[in-house]
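The values are calculated or read from the model by the stated rules, or taken from the named source; none is laboratory data. Just so it is clear, the model here is predicted, and its values are computed rather than measured. Here the Cβ positions follow ideal geometry from the backbone for every residue, glycine too, while neighbour counts run over all protein chains shown.
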């Protein structure tokens, strides 16, 4: 996207440049594997991702290194791949939580943000990860996300500046 870099410059994190309404999901799933597969399928259907197989392999390889469950009910699986043309995000809200995500704080994961970037988008990718992590540490913002009852509401909260 032409304005992708401006979406993570400065102090704000605007997901609108990377996330579309059809990639913000409200899911009733029970496992880490299920939520990752749904997000991989979702992102694989986007124009930025050329290979579902490479995306899936990258996501699961990253999870083998260390769980992307960062705590506070949040997971941010992330990959950089040659088969991705530009940074893209898919998000899932799982109201009941996922117990087997192996989060750093051992709490159930309720929010999963899958980030895929082109292999040479290192700086932009790190800025987005950093800004997202900071924004998600805000208790009020996190609680607004967790309280969403529809995909449309979830998307609106995620892209709010």
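Structure values in brief
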| item | result |
| --- | --- |
| Positions within region 10-37 being modelled with pLDDT of 95 or more, touching a strand residue (DSSP E or B) at 6+ places or on another chain (Cβ under 7 Å) and not in a loop (DSSP other than H, G, I, E, B), in sequence order | 23, 24, 25, 26, 32, 35 |
| Among (1) over 18 Å from residue 72 (Cβ atoms); (2) at pLDDT 95 or above; (3) out of contact with any helix residue (DSSP H, G or I) (no Cβ under 8 Å at 6 or more places or on another chain) - the single one residue 99 does not satisfy | (1) |
| Among the candidates 53, 61, 48, 143, residue that is touching a helix residue (DSSP H, G or I) at 6+ places or on another chain (Cβ under 9 Å) and either more than 21 Å from residue 25 (Cα to Cα) or modelled with pLDDT of 95 or more (or both) | 53 |
| Yes/no for residue 156 being more than 11 Å from residue 73 (Cβ to Cβ) and either in contact (Cβ under 8 Å) with a residue 40 or more places away in the chain or touching a strand residue (DSSP E or B) at 6+ places or on another chain (Cβ under 6 Å) (or both) | no |
| Residues satisfying the stated conditions in region 23-32, i.e. surrounded by 14 or more Cβ atoms within 10 Å (Cβ to Cβ) and more than 20 Å from residue 149 (Cβ to Cβ) | 32 |
| Residue 129 being at pLDDT 95 or above and closer than 17 Å to residue 142 by Cα | no |
| Residues (surrounded by fewer than 12 Cβ atoms within 10 Å (Cβ to Cβ) and more than 24 Å from residue 53 (Cα to Cα)) located in region 106-125 | 106, 123 |
| Residues of region 126-146 satisfying the condition of being surrounded by fewer than 13 Cβ atoms within 10 Å (Cβ to Cβ) and either assigned to a helix (DSSP H, G or I) or in contact with a strand residue (DSSP E or B) (Cβ under 9 Å, 6 or more places away or on another chain) (or both) | 130, 134, 139, 140, 143 |
